[in-house]
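Down below is the structure, laid out as structure tokens.
The values are calculated or read from the model by the stated rules, or taken from the named source; none is laboratory data. Quick caveat: nothing in here was measured; it's all calculated off a predicted structure. Here the Cβ is made from the backbone with ideal geometry for all residues, glycine too, and neighbour counts use every protein chain on show. Areas reflect the complete protein model, heavy atoms only, side chains present, ligands, DNA and RNA absent. Shrake-Rupley method; radii C 1.70, N 1.55, O 1.52, S 1.80 Å.
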Amino acid sequence: MSEKITFPPVSFTGWDSLSHLVDEVNRFEVKKILVITDPFLKNIGLTNKIVEPLEKVGYITEVYTEVVPEPPLAIGEKLVAYTREHQFDMVIGVGGGSALDLAKLAGVLASHEGSVADYLNLTGTKEITHKGLPKILIPTTSGTGSEVTNISVLSLETTKDVVTHDYLIADVAIVDPALTISLPPKVTAATGVDALTHAVEAYISKNASPVSDALALQAIRLISNSIRTAVSNGEDKQARTDMSYGSYLAGLAFFNAGVAGVHALAYPIGGQFHIAHGDSNAVLLPYVMGYIRQSCEKRMKDIYEAMGFSAVNLSQEEASYKCVDELKRLVEDVNIPSTLQGFNITEDALESLTKDAIEQKRILARSPMPLLREDILSIYKAAFEGK
Ligand code: NAD
């Protein structure tokens, strides 16, 4: 068996890696740059760290701030129309996954015809045929890994869908932990558990390979050991740096191995209840892993050890149970509600969540244990009751 391994062509990581921005932009023959971000990041001055050095050396920049969290399709359509109308030479996405996903979408679809809906994975009819504008992606959360993936996620009425193609991959990813210092504890927690979920699901994925395993285990080590500090003391440089590397590695791991059951069940929660992507993953992570535990005991023992625990005297079965307990403890320690009730989801919603989750066939196919309708409903019930 052989695997395709894909990384973005260039990444800069580590503290102050943003200092490489101007040199990187200089490599592309561009003049007019669209910086895509959200209004909050512009208001706190974070976007200036990108715009000012570029303007100082003569680039024309425009800051587009109509990004919203978990962007609905309509926001994507509006941005793509704007990009087509105003003729930019480059896009730079600055923000969490919401801004980065929209930036890569706009960069590619600026030079395509048709609506964004035409290119959606589940219902679209058109193919992406060329690369479009150069794209630089600069994450300000340690979570989604969007800076290294070929995916753009959009919220639909009751669920989520993606536009995906290798042309969406960033030309340059700049992953500077200094940009995450201002993240409040709640967002640090949700985005951090999102990154942990990417690594855990990549490690147990049916598509895992030795390359994705190495990336996933190191991501699990870094995130499990730093997330509590990053949440309780956001100014801790080491914890922010570890979270930044952890989410970057987790992004590369899941991009190459895929995510599975947690994401398939989380998408409808985000779609129907407008709960942040990281929170929906976090609340489901222990329950999905608890349900599929038997199908991947050895791998869960590895995860338990990567989380910093000794499994020397434990059987694979014992370690896999403890792994589920520690994942649950981690979610609770960073103050994310550990049941669906904690997010005000009522029991009568579980059927409709199940109906939407089974549509995520491509993602479910990577689960080491097949997840059918009754399995999915059982997991939602367990997550509802906290059992
Ligand atoms: P986000 O981009 O929605 O941002 C969440 C909040 O954090 C926003 O209010 C934002 O203003 C704030 N924020 C961001 N950086 C900050 C900073 N440095 N300081 C203070 N506040 C800051 O959150 P996210 O979790 O990063 O992204 C979620 C989106 O990414 C979802 O739509 C999800 O489906 C998508 N996603 C994409 C991929 C991918 O591979 N493309 C993977 C996972 C998730």
222 nm mean residue ellipticity, helices alone, for the chain (DSSP H n ≥ 4; -39,500 (n - 2.57); rounded to 500): -16000 deg cm²/dmol
Segment LEU314-PHE7, length gained on full extension (0.36 nm per residue, minus Cα span): 106.9 nm
Solution diffusion estimate, µm²/s, Stokes-Einstein, segment 99-215, Kirkwood Rh from C-alpha pairs, 20 °C, viscosity 1.002 mPa s: 137
Inverse mean reciprocal Cα-Cα distance (Kirkwood Rh) of the chain, Å: 20.8
Compactness relative to 2.2 N^0.38 Å, alpha carbon Rg of segment 289-387: 1.18
Net dipole in debye of the chain [+1 Lys, Arg Cβ; -1 Asp, Glu Cβ; about Cα centre; nearest 20]: 380
Rounded Å value of the spacing that divides the Cα centres of segment 10-30 and segment 203-224: 27
Calculated SAXS-style log₁₀ I(q)/I(0) at q = 0.13, 0.14, 0.17, 0.21 Å⁻¹ - segment 219-359, Debye, Cα scatterers: -0.63, -0.73, -1.06, -1.42
Segment 137-177: translational diffusion in µm²/s, Stokes-Einstein, Kirkwood Rh over Cα pairs, 10 °C, 1.306 mPa s: 141
Over 23 Å (Cα to Cα) - which of LYS126/LYS160; LYS4/LYS32; LYS160/LYS237; LYS328/LYS361; LYS301/LYS355; LYS49/LYS131 fall in this group: LYS4/LYS32; LYS160/LYS237; LYS328/LYS361; LYS301/LYS355; LYS49/LYS131
Point-to-point label distance, GLN87-SER352, nm (Cα→Cβ direction, 7 Å offset): 4.7
Net charge dipole size for segment 10-180 [Lys, Arg +1 and Asp, Glu -1 on Cβ; Debye, nearest 20]: 160
Mean accessible surface per residue for the chain, computed with a 1.4 Å probe while every protein chain stays in place, in Å²: 40
Separation between Cα centres of segment 240-265 and segment 90-121, rounded to whole Å: 21
Computed over segment 10-180, Kirkwood Rh from alpha-carbon pairs, angstrom: 15.7
Segment 161-237 - Kirkwood radius from inverse mean 1/r over Cα pairs (Å): 14.2
LEU372/THR339 FRET efficiency (R0 30 Å; Cβ-Cβ; nearest 0.05): 0.80
Share of carbon and sulfur in the accessible heavy-atom surface of segment 185-385 [1.4 Å probe, %]: 49
Per-pair calculated FRET efficiency, R0 = 56 Å: PHE40 and LYS387 via Cβ, rounded to 0.05: 0.90
